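Down below is the structure, laid out as structure tokens.
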Amino acid sequence: MVSLQSCNDSDINYCPDITPVVTPETNFYQNVSLPLLSVDNGENSIGITCHNCYDNNSVDANDTMHLIEYAISSGVHFIELDIVIPAEDYNGPVISHEQAGSHVLLTDIVSYSGLIESEQLLFLELKGDIASKQDIRDILNVLMSAKKSNGGFAYFNQSRFVTMRAYKHDVTLATLRDVLLESEYAQILPFIKFSRLHHPKTEQTLLAEIKQSYECGMHMVELDVRLGTDSLILLNAYAETLGLAVNIFTIDESNYRESVQSLKTEVDMLTVEERNISYSAIENSSLFDRIQTLLIGH
């Protein structure tokens, strides 16, 4: 499965004809083979995302692979990458936080055997206005070109999904949905999910946006940790009544203890900022490790 995300807030007129795809009984993680973190005596399952899990200051793919290896060894569930279509010298989609930044080719990373043969799930954000269907095809074709040793798709199969985030909901995501209806992509369409990022606003506004996300065919909504525990619990409860999964962003050294302890029985995913890959060999010294310890109560 692939989850597609939106960060734009101006999409009110984008999807009047989209059918909701979730119900209160929907399980976002259904069939995922990678063991999630079992919380509250098994009543809740949480996945951890490695936020921006690439080296934005290097053109060497090995540096990004090193970060991914670290995340995999730390037991995270989602590897988040930002995807850019370069304005110049185009050789395919690249991984970068912005057009002007250093980057590596998406194909070099998704073809990395350590990622292909792992169980970790991709989490991709499509940056900028991507109105070209061919650009979207290029991204999907790169992902589809990655194959397991048995010849099957590495990232589109019954036990694994990719999370994609479309920065411009009303442009990129509309183009993406159109392309996915083409016959060449029928085989991956069942493994694609959609999610939307919601920036801080009043509770009433966010409740309305969450309802809109549901009506626009999303599978998940994402809420800023800065909203505070009380608001996050209220918004999560509403999303849950609709069947939407909830991701909280961004958990880091400054907020992880309070956030994890308050939300671990409520939400479905935590996006974690971890850059200290040269940590010592002391057990539980990484932020990923410390968060997992808090989640499972050991």
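The values are calculated or read from the model by the stated rules, or taken from the named source; none is laboratory data. Since the model is a prediction, treat every value here as computed from it, not as a measurement. As a convention, Cβ positions derive from the backbone with ideal geometry for all residues, glycine included, and neighbour counts pool all protein chains shown. The accessibility values were calculated without ligands, DNA or RNA, using every heavy atom of the protein model including side chains. Shrake-Rupley method; radii C 1.70, N 1.55, O 1.52, S 1.80 Å.
In the chain, the sites counted are trypsin sites (Lys or Arg not before Pro) in DSSP loop states with at most 15 other Cβ atoms within 10 Å, and the longest stretch holding none of them, exclusive of the sites, is 1-147.
Taking the empirical scaling 2.2 N^0.38 Å for compact globular proteins as reference, segment 14-92 has a Cα radius of gyration ratio of 1.53. For Cα Rg over 2.2 N^0.38 Å, the value calculated from this model appears in [x] 1.40; [y] 0.94; [z] 1.10 under label [y].
Amide hydrogen proximity for A245: with H placed 1.01 Å from N in the peptide plane, the residues at 5 or more positions away or on another chain lying under 5 Å are M220, V221.
In this rough spin-label picture, where each label sits 7 Å from Cα along the Cβ direction, the S111-E88 distance is 2.6 nm.
Compared with the alpha-carbon gap, the fully stretched path from E43 to H97 is longer by 15.8 nm at 0.36 nm per residue. Phi angles of segment 151-163 translate, via the Karplus equation with coefficients 6.51, -1.76, 1.60 and θ = phi - 60°, into HN-Hα couplings of x, x, 4, 6, 10, 10, 7, 5, 10, 8, 9, 10, 9 Hz per residue; Gly and Pro are given as x.
Net charge dipole, the chain: roughly 480 debye, given to the nearest 20, about the Cα centre with Cβ charges of +1 for Lys and Arg and -1 for Asp and Glu. Fraction of C-alpha pairs exceeding 26 angstrom in segment 140-298: 41 percent, rounded to a whole number. The lysine pair count for segment 71-227, using Cα distances under 22 Å and pairs eight or more places apart or on different chains, is 11.
The phi torsions of segment 48-58, fed into the Karplus equation with coefficients 6.51, -1.76 and 1.60 and a -60° offset, translate into couplings of 10, 9, 7, 5, 6, 7, 7, 9, 6, 9, 9 Hz, rounded to whole numbers, with Gly and Pro shown as x. About its Cα centre, segment 14-108 has a charge dipole of approximately 240 debye under the convention of +1 per Lys or Arg Cβ and -1 per Asp or Glu Cβ, with nothing else charged.
Computing FRET efficiency as 1/(1 + (r/R0)^6) for D63 and N27, where r is the C-beta to C-beta distance and R0 is 35 Å, gives about 0.45. Computed with a 1.4 Å probe over protein heavy atoms only, the accessible surface of the chain comes to 42 Å² per residue.
Can you give the % of DSSP beta bridges in the chain that are antiparallel, to the nearest 5? Roughly 20 percent of the DSSP beta bridges within the chain come out antiparallel. Between the exposed loop cleavage positions of the chain, defined as chymotrypsin sites (Phe, Trp or Tyr not before Pro) in a non-H, G, I, E, B DSSP state with at most 15 neighbouring beta-carbon atoms within 10 angstrom, the longest gap is 91-278. Within segment 18-94, the GluC sites (Glu not before Pro) that combine a DSSP coil assignment with at most 13 other C-beta atoms in a 10 angstrom radius are E25, E43, E88.
For S254 and I296, the FRET efficiency from 1/(1 + (r/R0)^6), where r spans their Cβ atoms and R0 equals 25 Å, is about 0.70.
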